[in-house]
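Since the structure comes first, as structure tokens, the remarks are kept for the end.
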Amino acid sequence: MQLVLRAIERVSGVSGHVTAWLVAPLILATVYDVAARYLFSAPTTWAYEIGYMMMGAHALLGMAYTLREGGHVRIDAFSQKFSQGTKAVIDLVGYVVFVLPCLLWMTWSLWGYWSNSFTTNEMSGQSAWNPPIWPFKLVFFVAFVLLVLQIFAEVIKAILYLRGQRERYEGDGAAEAHSMLGAAALLMFPALL
């Protein structure tokens with residue numbers, strides 16, 4: 001289980017670092033479009049589409065990394081007083097009973113969403129550029145696959161802790177707050193790498 005955990009965490013880490021760099025083309029496209037529009041009165045036909053696709057991809061592909069780093073919002077009003085073992089049980093039940101079934105269903109549905117778009121060569125319809133939309137829809141599917149894998153990693157962490165094979169369950173608020181700042185900084189400022 002440790003080997004699987006390390007492999008999944010590595011995939012989530014690499015995807016998070018790669019995803020952080022999606023901000024660069026977003027910034028370049030925006031700066032170019034603003035300059036072209038206001039300095040040369042020649043707005044682009046593609047900057048809007050690049051902007052929402054890069055921002056969407058950045059948010060979607062960053063989900064697994066953010067979960068790995070403990071950066072998703074948690075409501076700790078009650079759980080901050082729980083022991084690490086109780087937190088592990090709550091997370092385990094929550095992931096297995098609620099989150100995983102929902103995410104597996106969504107991932108399966110997103111495959112069809114992408115597949116239909118690919119086979120019909122669906123276009124975006126959002127601008128005069130009108131690029132094929134299937135690459136962006138593929139990002140949806142890949143992002144949810146990565147998130148499902150990271151959920152499996154979180155389940156493994158909880159099981160290992162409950163079995164006594166992990167010294168600490170990484171679900172406590174202090175670790176999450178610290179990790180959340182690191183994850184946010186990495187996703188917003190990739191130059192910090």
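The values are calculated or read from the model by the stated rules, or taken from the named source; none is laboratory data. Note that this is a predicted model, so its numbers are computed, not measured. Positions of Cβ are backbone-derived with ideal geometry, glycine not excepted, and every protein chain shown enters the neighbour counts. What goes into the accessible areas is simple: the full protein's heavy atoms, side chains included, and nothing from ligands, DNA or RNA. Shrake-Rupley method; radii C 1.70, N 1.55, O 1.52, S 1.80 Å.
Couple of notes before you dig in:
- Residue within region 130-141 that is loosely packed, with under 15 Cβ neighbours inside 10 Å, under 21 Å from S12 (Cβ atoms) and within 24 Å of the chain's Cα centre (by Cα) present: no
- Some residue of region 90-103 being buried (at least 16 other Cβ atoms within 10 Å of the Cβ), at pLDDT below 95 and of a type outside the set (V, I, T): yes
- Residue within region 119-131 that is without any contact (Cβ under 8 Å) to a residue 40 or more places away in the chain, assigned to a helix (DSSP H, G or I) and of a type outside the set (S, T, Y) present: no
- Counting only residues that are under 24 Å from Y48 (Cβ atoms) and either over 18 Å from the mean Cα position of the chain (by Cα) or touching a residue at least 60 places away in the same chain (Cβ under 8 Å) (or both), region 91-113 holds 1 of them.
- Selection within region 40-52 - buried (at least 18 other Cβ atoms within 10 Å of the Cβ) and hydrophobic (A, V, I, L, M, F, W, C): A47, I50
- Residue match in region 53-75 (condition: touching a residue at least 40 places away in the same chain (Cβ under 8 Å), assigned to a helix (DSSP H, G or I), open to solvent by 40 Å² or more (accessible area, probe 1.4 Å) and closer than 28 Å to F136 by Cβ): yes
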